[in-house]
Structures are given as structure tokens and as C-alpha cells.
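Inspection log for the structure reproduced underneath, given as C-alpha cells.
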């Protein structure tokens, strides 16, 4: 039950546009029992697309094509697929009437080129489009199924649910995809892999992948199951990996770190305030992305300049002069100061050198301190983070969030 996805559109081959349809299509194909083993993007070229479809027919039992069904000359999907299948295009009178009626309801004349959207590949079943003017198609060809869908997600997604999924589910053979995901913080990808590779190598029937996602490492385990087959291997592998990595695993259900922190803050009854220098508010953006975060997040101060560090967070000028803004002493003073200023039970700060300039032999680019203060005092953690400016800022954000999580779990940070 191999499936293939083809996204059509020259704009998808530029640095300005990204194919997001294939993600939604993959999720729905998996739910129907189809395994996606090939994805491709092709420009608005009839010959290129026709050749790609011919190749897809040699390796896939289901081909889903999105885009290129509009009324303009660069919408080439209908002609290209018809060429690949050796079938003609025929005008569907019912679709043409509906198109004209749709424009009439808007009191608009229908442009002549919209008539192209009533052309259907011979033998295809038209799929209604309740949102736009481009109907889709369902085609059966020598044992394979080909689905043509419009490119705009607001049209494509409803069509998948209403017209495609009811046709696919009976074909899936009751296969299902068992998945488990773990997310790990505080360990680099190489160290995670070294620790868990001996475990997942014992389960060759489970596909295991690691992904470094900025500030955390994700582990995804999946296995295709036949009708009546249980997910015991996936569950056992996930349990062994979780036991091996211990508290470095911050979720087993694809939650974000900020969701986990929100739950811990609510459970403990703590409130949070932030003082951010090099991250410029990125930690606050994370914490406030969760609905209801006002229950525990009081606010933050973006203290980029030394003057703001002194005036709003109460950092002594002498301390800044003696230790510098990027130092353990100033990080802890910021955490204490923002806690007092906003009257929270916990204060978190982050200060560092994001670059590309500003570093020295003593304090290189990537040097970051995060600190936490509560009623019992303050602590800090220090890292030298590799990468460019945005990578350093993103990982600094996770560094601060990880410090907060360790505290809420009763763990001490690494110095």
C-alpha cells in the first residue's frame, strides 16, 4: 500500500514558498493505511510532470497530486496527467454549468479561461470543490489510483475529508500506523543516539528516527501493523528508551516544553517572571503561546541595554562594571531583580553573546548564562552554544526553559 505525493507549482521551487499540503496529506494517508514512501515537487512544466507521473505509476499504488488545477496557462496538471495516462481531456457539461452558475450568483461574468476547469481526464470521477472553482479528480489506472486536488489548503483539506478519505479507508486493508514520540532536552543528538542505538537496534521491525529540533532532540518510533497485530514492539521500545534517558525525556506525547512547564507551574502553584537580554523576548513568546498562561506567567522585561538592567531589574552598576553583562553574577542579579520587580515566586534570566560580533577570547560568541531565583536564593547555568545568531538565541531560550524545568522537578542545574 505504497503512496506517493506530488506537489505542483513553480513557486514551490523558490525560496519564498513552502509545500505544506504534503504534511496534511501524509497524515490522512497514514490514517487510511497507506505508507507514503515518496514525495516530490515539480514546476509548472507539462513534460516534467508527465514524466514524474509515469515514474510514480511504476512504484506506487496511490498517487496524490496537489496544485495546478486553476484556470490559467501555468496550471498544467490536467494536461500533464492526461498525457502520462494516454487519455484525452473531455469537457464535463455538469461542471461547466455549475461554474457558470457560481459566477452568476456573484453577479460576475465568467472569464473564458475558467472553462478549462470543466475539463476532466477521460474515465476520471470529478470530486466536488465546495470552496473554490477547481474540481478534483479520482482516477483508476491499471490497478493504481490517482487523486488530483487543488493547491490552496482551504480547498484541498475539505476535499480530502469529504471525497478522498471515504474512498481510501476501504482500500487500506485495516492496516494502521503505531507511533510513539519522545522529546529530550539537555542532551545533544549524538549523545542521545549513542545511548539509545543499542536499544532500537533490537527492534528492527520498528522504524526509529532522531531529529535535532533546535533546543531539543525528538525520537519517533513507528511500525505498520496488520489487522489484529498489536503495538507491543513500539510500546516496549519506547519504555526502554524512556527508562534509559530518565528525566531528560520531557514528554512522551509530543507536547511542547512550554506546555509541560505550564502544567508544572500550575501544579506547584508558582508564578514566573522573565528578564531577557540576548533572547530579546523569545522565552516570553514561548511561555505565552499556551492558552491560559496568565495563570502563572506574570510578565517579562527585555533588558537588552545595561541601563535597563540597572533601572528595571536593579542590577548594581558596580556589578556590571566588574563582571560584565554576560556573567554568572549579573545573570543571577537579573533573576532576583525581575522576581522582585514583578512579585513572582520564580524569576528566570538569560544573558549572552549571540554574535556574530561582540565576542572575545575570554567571552566567546555563544557564551550564555541562564539563572533562576526564588525565595531561597539563586542559581545559574552556563553554556557555550555553537551556531549562528538565530541558533544561539533559540538554544538559549531552551536553556532557560530547561533550567526552569529542572527546578520544578527538584533537580539542580549543571554549573
Considering only DSSP beta bridges with both partners in the chain, what is the antiparallel share in %, to the nearest 5? 60
Post the alpha-carbon centroid distance, the range 156-214 to the range 375-405, in whole angstrom. 29
Using only Cα atoms, find the angle between the long axis of helix 46-57 and the longest principal axis of the chain, and express it within 0 to 90 degrees, rounded to the nearest 10. 90
Taking a ≥ b ≥ c as the square roots of the eigenvalues of the Cα gyration tensor of the chain, is the shape rounded (a/c under 1.5), prolate (a/b larger than b/c) or oblate? prolate
Taking the chain and counting helices only, DSSP H stretches of n ≥ 4 at -39,500 (n - 2.57) each over all residues, the nearest-500 ellipticity at 222 nm comes to -11000 deg cm²/dmol
Could you tell me the distance between the Cα centroids of the range 241-305 and the range 322-350, to the nearest Å? 17
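If you take the square roots of the eigenvalues of the alpha-carbon gyration tensor of the range 270-391 and sort them as a ≥ b ≥ c, do you get rounded (a/c under 1.5), prolate (a/b over b/c) or oblate? Can you show the working numbers first?
On the way: a/c = 1.97, a/b = 1.33, b/c = 1.48.
Note, shape of the range 270-391 comes out oblate.
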Rounded to 5, the percent of DSSP beta bridges in the range 2-172 classed as antiparallel: 40
Using only Cα atoms, tell me the angle between helix 328-342 and the longest principal axis of the chain; keep it within 0 to 90° and round to the nearest 10. 80
Please check: in the Gaussian network model of the chain (C-alpha springs, under 10 Å), which one of 366, 300, 132 has the largest mean-square fluctuation. 132
If you take every DSSP beta bridge whose two residues both sit in the range 268-415, what share of them, in percent to the nearest 5, is antiparallel? 60
Using only Cα atoms, find the angle between the long axis of helix 21-31 and the longest principal axis of the chain, and express it within 0 to 90 degrees, rounded to the nearest 10. 80
Which of 29, 237, 99 fluctuates most in a GNM of the chain (C-alpha springs under 10 Å)? That residue is 99
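Rounded, prolate or oblate, given the Cα gyration tensor of the range 5-69, with a/c below 1.5 counting as rounded?
Details: a/c = 2.48, a/b = 1.24, b/c = 1.99.
Oblate, because a/c is 1.5 or more while a/b does not exceed b/c.
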Across 103, 297, 34, the residue with the highest GNM fluctuation in the chain (Cα network, 10 Å cutoff) is 103
Treat each spin label as a single point 7 Å out from the Cα along the C-beta direction, and report the residue 362 to residue 107 distance in nm. 7.5
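Every number in this text was worked out from the coordinates using simple rules, so none of it is lab data. Just so it is clear, the model here is predicted, and its values are computed rather than measured. Neighbour counts run over all protein chains shown; Cβ positions are idealised from the backbone, glycine included.
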